[in-house]
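Below is one structure, written out as structure tokens; comments come after it.
The values are calculated or read from the model by the stated rules, or taken from the named source; none is laboratory data. A quick note: this is a predicted structure, and the numbers were derived from the prediction, not measured. Cβ placement follows ideal geometry from the backbone for every residue including glycine, while neighbour counts extend to all protein chains displayed. Only protein heavy atoms, including side chains, enter the accessible area calculation; ligands, DNA and RNA are left aside. Shrake-Rupley method; radii C 1.70, N 1.55, O 1.52, S 1.80 Å.
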Amino acid sequence: MSTPENEMTSTHERAAAGTPEGPAGTPEGAATSPGNDTRDTHPRAHCAIDTDGRITFRLPPTTTPRPQLLLRLRPRKGRPETTPHVLDLEPDRADGHRQAVLEPHPVLDEGRWDVYLLPEPGAEHRRLRPGLRDLRTLVDGHLRDRPSPVTARVPYVTKDGFLALRAWRRTAHAEARAIGVEGRALTVTARLHGAELRDDATVRLRLRGTDTVRTLRPRADDDARGFSLTAGPGDLTVDGEGAGRIWDVFVRPAADAPPIRVARLLDDVADRKHVHVYPALEADGSAFRPYYTVDNDLAIEVT
């Protein structure tokens with residue numbers, strides 16, 4: 001069975017309603033949704049993103065003269081907190097609403113950025129609930145070639161119903177497109193952004209937690225950007241290794257180039273691990289299933 005590139009319905013229709021999404025893209029916590037709780041006093045923010053990655057936030061009028069929008073990166077375990085970004089919320093002359101624009105530059109560090117309201121400089125910040133999220137320009141983002149560094153931003157709703165921003169920043173990127181499971185092989189088509197394939201390009205499958213690497217030859221398109229890879233049970237089996245193995249997928253565009261992670265970042269889905277679910281290839285007593293990690297990177301699990 002093969003899974004086409006557009007195997008899942010885009011989420012922008014759901015996102016436009018500002019409804020928090022659970023792991024499968026369904027409304028999360030429907031019985032206790034913040035939108036249905038009249039006791040919820042968190043302000044709401046609408047946002048829209050354009051094709052250049054510029055995000056406009058829009059909030060209701062405030063009683064303070066100098067409100068600001070605060071973006072704070074959640075630090076990874078063991079790492080220091082990144083300097084937050086603060087944006088002025090300017091008044092709209094038409095209706096008094098407040099608006100802040102996050103420009104494409106400076107580029108945000110990769111990770112998850114929580115969005116807060118600062119009623120005034122130095123005041124205690126407040127989490128924001130999502131309003132309307134217009135992500136339509138992101139739906140076909142994979143069709144546009146990106147220069148290096150490759151960046152992407154997706155406003156999304158956290159599991160507890162607050163507004164956040166998922167950001168990626170990579171020197172180069174290989175965007176996964178169609179993933180097929182047919183016969184005794186897994187096939188992935190992808191496209192490079194910020195790099196080009198040379199004649200000595202390779203695909204590298206790295207067994208997580210080990211130094212084991214399997215090298216495959218990609219089939220390159222004429223433009224040296226698009227390519228496909230095929231992996232079978234023999235490429236994903238290691239003597240002496242038990243169940244629960246995970247292979248991370250990379251492409252090395254040239255023998256002297258660093259490997260580039262294969263992932264799917266250039267659309268409107270911030271978390272696709274439980275949204276895009278693929279069938280497993282079953283062979284030789286094992287199951288080989290492609291999936292996306294919590295960072296939307298492509299991996300293959302062997303069970």
* **Unique match (being of a type in the set (Asp, Glu), in contact (Cβ under 8 Å) with a residue 24 or more places away in the chain and out of contact with any Lys or Arg (no Cβ under 9 Å at 6 or more places or on another chain)) among Asp271, Asp267** => Asp267
* Asked: Considering the range 237-257 alone, what residues qualify as being at pLDDT 95 or above and surrounded by 14 or more Cβ atoms within 10 Å (Cβ to Cβ)?
  -> Ile246, Trp247, Asp248, Val249, Phe250, Val251, Arg252, Pro253, Ala254, Ala257
* Structure fact -> Taking the range 99-115 and the residues there that are in a strand (DSSP E or B) and open to solvent by 30 Å² or more (accessible area, probe 1.4 Å), the one that is nearest to Thr62 (Cα to Cα) would be Gln99
* Asked: Is one or more of the residues making up the range 139-155 in contact with a helix residue (DSSP H, G or I) (Cβ under 8 Å, 6 or more places away or on another chain), more than 22 Å from Ile260 (Cα to Cα) and open to solvent by 40 Å² or more (accessible area, probe 1.4 Å)?
  -> yes
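Return the only residue of Thr189, Thr202 being within 25 Å of the chain's Cα centre (by Cα), within 17 Å of Asp297 (Cα to Cα) and either at pLDDT below 95 or open to solvent by 20 Å² or more (accessible area, probe 1.4 Å) (or both).
Numbers: Thr202 fails: within 17 Å of Asp297 (Cα to Cα).
Result of the check over Thr189, Thr202: Thr189.
Which of the strands (runs of 3 or more DSSP E) found entirely inside the range 144-188 contain at least 1 residues meeting this: in contact with a His (Cβ under 6 Å, 6 or more places away or on another chain) and within 16 Å of Val269 (Cα to Cα)? Spell out how you get there, then give the answer.
On the way: elements: 150-157, 163-170, 173-182.
Strands (runs of 3 or more DSSP E) meeting the threshold: 173-182.
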* Asked: Which residues, counting only those in the range 213-233, are buried (at least 16 other Cβ atoms within 10 Å of the Cβ) and hydroxyl-bearing (Ser, Thr, Tyr)?
  -> Ser228, Thr230
* If you check every pair at least six apart or on different chains, which have Cβ atoms under 7 Å apart with a residue in the range 136-165 that is farther than 29 Å from His125 by Cβ first and a residue that is of a type in the set (A, V, I, L, M, F, W, C) and open to solvent by less than 10 Å² (accessible area, probe 1.4 Å) second? -> Gly141/Leu266; His142/Leu266
* To do: Scan Pro60, Pro91, Pro106 and give me the residue that is at pLDDT 75 or above and either out of contact with any strand residue (DSSP E or B) (no Cβ under 8 Å at 6 or more places or on another chain) or under 23 Å from Val269 (Cα atoms) (or both).
  => Pro106
* Asked: Which one is nearest to Glu120 (Cα to Cα), of the residues in the range 52-98 that are open to solvent by less than 60 Å² (accessible area, probe 1.4 Å), β-branched (Val, Ile, Thr) and in a strand (DSSP E or B)?
  -> Thr56
* Tell me which of these Ala45 doesn't satisfy, since it passes every other one: (1) open to solvent by less than 70 Å² (accessible area, probe 1.4 Å); (2) modelled with pLDDT under 90; (3) not in a loop (DSSP other than H, G, I, E, B); (4) not hydroxyl-bearing (Ser, Thr, Tyr). => (2)
